[in-house]
Amino acid sequence: MHRQSRHHQVRQRAHCLILASQGVKKGELMNIFRISYKTLYNWFNRWELKGMIGLYNKPGRGAKAG
């Protein structure tokens, strides 16, 4: 998924989870992906609660269709 999704954010989140499963520390993940601790926590939390669906943005985020 971290290579095949057409959504950059989904690929990034999947890559982060893979690195975490390989033992990369949270501080290093925050530096690699340039995210805050809260964002990292949110990614892990949504993965645990929703699985792959949790990697996608929630509906209503981003630019609105015109």
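The values are calculated or read from the model by the stated rules, or taken from the named source; none is laboratory data. Since this is a predicted model, take the numbers as computed values, not measurements. Heads up, the Cβs are rebuilt from the backbone with ideal geometry, glycines too, and the neighbour counts pull from every protein chain shown.
Determine, yes or no, whether Gly27 is surrounded by fewer than 13 Cβ atoms within 10 Å (Cβ to Cβ) and modelled with pLDDT of 90 or more.
Yes.
Out of all the residues in segment 3-17, is one or more surrounded by 10 or more Cβ atoms within 10 Å (Cβ to Cβ), assigned to a helix (DSSP H, G or I), modelled with pLDDT of 95 or more and of a type in the set (Val, Ile, Thr)?
No, that holds for no residue.
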